[in-house]
Amino acid sequence: MKGFNKISLRSRLTVLTALVLTAVCILLTLSLIFTYSSKMVKVPDNGLISQPNMLTTQISPREKNEVHSTLNKPSDLALLSLLYMLIAIVAGTVASYFIAGKALKPVSDLTESIENIDESKLFQPIIGFGTNDEVARLAASFNHMIMKLGKAFEHQKQFAANAAHELKTPLAGIIANIEVLQLDENPTVTEYKEVIDDTLENAQRLSSLVYDLLKMNSALDEEHFEIFDAKEMFDDIILSLSESSKAKNIRIENNISNIPLFGERTLLQRAFFNLVQNAVKYSKSNGKVVISANQTDDSVIINIRDAGIGIPENELDSIFEPFYRVDASRSRETGGSGLGLSIVKSVVEKHKGRIYVESEIGNFTKATVILPKN
Ligand code: ATP
Ligand code: MG
């Protein structure tokens, strides 16, 4: 049976048809021979043939001879039937080989079309299968898959281009500073210090970018899952953001009490840090950021609300895309690369949670994260 699976579909169909045909022909031939021999008429010497419900018929000696010669030779009849049977089997097998070839032609056409796809038209759909049969459906599924792969590929390309661009900016800054210093024949200590400060800043930016890129694609390690206190985590976050919040005189209120979180603490802390950092970064001076939480039987809901510049409604879906910034020049000024929210989304989704953002331009932005309890 293993060898049978190795031959082409067309040959397989032909062999199966030949088998069925042979079985049917043998049955028919046997039943024919059997019927003939049981109904064979014995002609007595007086030439009178008598059968039930029939009048007795007198046949002439010549007719008697004919009857003898045509019907009373069972071996001839069997041979003839077997010959016809063989002819029927051979003719049927040949015909089925051609019919199978015709029926399978769309399959070989589809195979050929797929084989002809080269690198230059990798994501072009295959055409010419407009019927409504199985092969057309297979072609449609193939095209659907090609379309999805094409989109994912475009996405990856865009991501790589954006990442390269973001990495290029601080690198260009470092190179430019060093070149300026090289041109100066007698640089002062202050000039050296300025270049070093600038280089350090750019290097830190590079390092945090690389860290973010790695985090975005890192797999979740469920062995490191733990239960920890949400209020404590947000206190740590507020502390690490104290410099920037003080600079804009923004008060961050942590209204959470007694809410446990379950997951990889470092990852979740990083995600919530990004959300609170955004709330501070995009708040007007002297504003307020409020962090609150509540829980249901199976999930914890955390809200981070600021009274900041807000996000246009038509951009609310895009802000989770890597490197997306509502106002690119402004975000760059504040040191953002547009990876913050995509990291949040990826971390929350890895914890089987959800995130959504509501906002009103010039009024408020509220991020809601829903995490399962376990
Ligand atoms: P990064 O977080 O990588 O330093 P970023 O803050 O620009 O840079 P995201 O955190 O991904 O990037 O945010 C994407 C964009 O969404 C921001 O550039 C900003 O325009 C907008 N945004 C995010 N949070 C807020 C907010 N709380 N208020 C107003 N706009 C926001
Ligand atoms: Mg951010």
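Laboratory data are not the source of any read-out in this text; all were calculated from the coordinates shown. This one's a predicted model, so the numbers in the text were calculated from it and none came from an experiment. Positions of Cβ are generated from backbone atoms using ideal geometry, with glycine treated the same way; all protein chains shown enter the neighbour counts.
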Nearest 10 degrees, 0 to 90: helix 189-217 Cα axis against the chain principal axis: 30 degrees
Using θ = phi - 60° and Karplus 6.51 cos²θ - 1.76 cosθ + 1.60, couplings along the range 164-181 (whole Hz; Gly, Pro as x): 4, 4, 5, 6, 5, 4, x, 4, 4, x, 4, 4, 4, 4, 5, 5, 4, 5
In Hz, Karplus ³J(HN,Hα) per residue of the range 154-163 (6.51, -1.76, 1.60; θ = phi - 60°; x = Gly, Pro): 4, 4, 4, 5, 4, 4, 4, 5, 5, 4
Given K288/K373; K215/K284; K168/K193; K248/K284; K151/K215; K345/K366, the pairs whose alpha carbons are separated by over 19 Å: K288/K373; K215/K284; K168/K193; K151/K215
Average Cα contact separation per residue, the chain, under 8 Å, 6 or more apart, as relative contact order %: 11 percent
Mean ellipticity per residue at 222 nm, deg cm²/dmol - from DSSP H runs of n ≥ 4 across the chain, formula -39500 (n - 2.57): -20000 deg cm²/dmol
Overall form of the chain per C-alpha gyration tensor (a/c, 1.5; a/b vs b/c): prolate
Viscosity 0.692 mPa s, temperature 37 °C, Stokes-Einstein D of the range 135-217 from Kirkwood C-alpha radius, µm²/s: 203 µm²/s
Around D212: net Lys/Arg minus Asp/Glu count, Cβ-Cβ under 11 Å: +2
Two-site FRET efficiency, S318 against L9, from Cβ-Cβ distance with R₀ of 51 Å, rounded to 0.05: 0.60
Relative contact order computed over the range 135-217 (Cα-Cα under 8 Å; 6+ residues apart), in percent: 31 percent
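Where does the longest stretch of the chain lie that holds no trypsin sites (Lys or Arg not before Pro) found in a DSSP loop with 14 or fewer other Cβ atoms within 10 Å?
Value returned for the longest uninterrupted segment is 43-247.
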